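Enquirer: Mind looking over this structure? Questions follow.
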Amino acid sequence: MAPVLNRVGDKWSMMIVMTLSDGSKRFSELKRAIDGISQRMLTLSLRGLERDGMVSRTVTPTIPPRVDYELTELGRSLREPVKALGDWAIKHIDCIRSAQRRFDEREDAA
């Protein structure tokens with residue numbers, strides 16, 4: 001169970017799932033859409049999601065080759081829980097930031 005939770009709880013994997021939730025994308029489209037992700041991290045995350053059966057990779061033999069990524073049925077089943085988690089984070093971001101400030105002030109005073 002731990003490997004599955006590691007993938008599902010991984011920040012970049014969830015950003016990829018959210019980005020692919022509205023349809024297939026090329027690597028470069030994903031890279032542009034996901035702020036702060038490196039090419040290496042995007043590659044590793046996509047491979048992990050593909051290995052876990054959540055993302056499919058389709059290569060079209062053109063010059064240069066076209067590679068598209070899309071959610072599988074299993075990956076699409078993650079959309080609702082990921083959206084719920086994102087909605088929760090947005091709803092509570094101010095509370096979390098306030099708690100972080102209070103914590104940091106206590107640490108600075110110590």
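Enquirer: If a residue must be loosely packed, with under 13 Cβ neighbours inside 10 Å and of a type in the set (Phe, Trp, Tyr), how many such residues does the range 57-110 contain?
Expert: 2
Enquirer: Check off (1) within 18 Å of LEU85 (Cβ to Cβ); (2) modelled with pLDDT of 95 or more for LEU5 and give me the number that stays unchecked.
Expert: So the condition that LEU5 fails would be (2).
The values are calculated or read from the model by the stated rules, or taken from the named source; none is laboratory data. Just so you know, these numbers come straight off a predicted model, no measurement behind them. Note: ideal-geometry Cβ built from the backbone for every residue, glycine included; neighbour counts use all protein chains shown.
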